[in-house]
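Here the structure comes first, spelled out in structure tokens, and everything after it is commentary.
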Amino acid sequence: MGAVVLEAGSSLKYKTGDWRAFRPVVDAGKCVNCLLCWIYCPDSAVVRKEKWIEINYDYCKGCGICAHECPKEVIKMVDEQR
């Protein structure tokens, strides 16, 4: 028998941002708050604000899905500087 799961899984339990090579940068002034990035983010790294979004880098893996899905090209992927 397998392990018993007592609660639903959530990426919010797993901080995964330590190993990314690229990170998304949001131009909040141009964001139209369509929330496509929030819908498609597989890691719950996109945080909804009243008029724009922010990225929680503790959870962002740098996959670029948010930038790819943004219809206004508000999100740009840049090299991670460590």
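Can you tell me what percent of all Cα-Cα pairs in segment 12-79 are more than 15 Å apart?
43
If I model a spin label as a point 7 Å beyond the Cα along the Cα-Cβ vector, how far apart are those points for Lys76 and Lys15 in nm?
The modelled label-to-label distance comes out at 2.8 nm.
Within a Cβ distance under 15 Å of His68, other residues only, what is the Lys/Arg minus Asp/Glu net charge?
+1
Gain in length, Asp58 to Phe22, computed as 0.36 nm per residue apart minus the alpha-carbon separation, to one decimal in nm?
Additional length available on full extension: 11.6 nm.
Bear in mind these aren't lab numbers, they're just calculated from the coordinates by the rules spelled out. A quick note: this is a predicted structure, and the numbers were derived from the prediction, not measured. Every residue, glycine among them, receives a Cβ derived from its backbone with ideal geometry; neighbour counts consider all protein chains shown.
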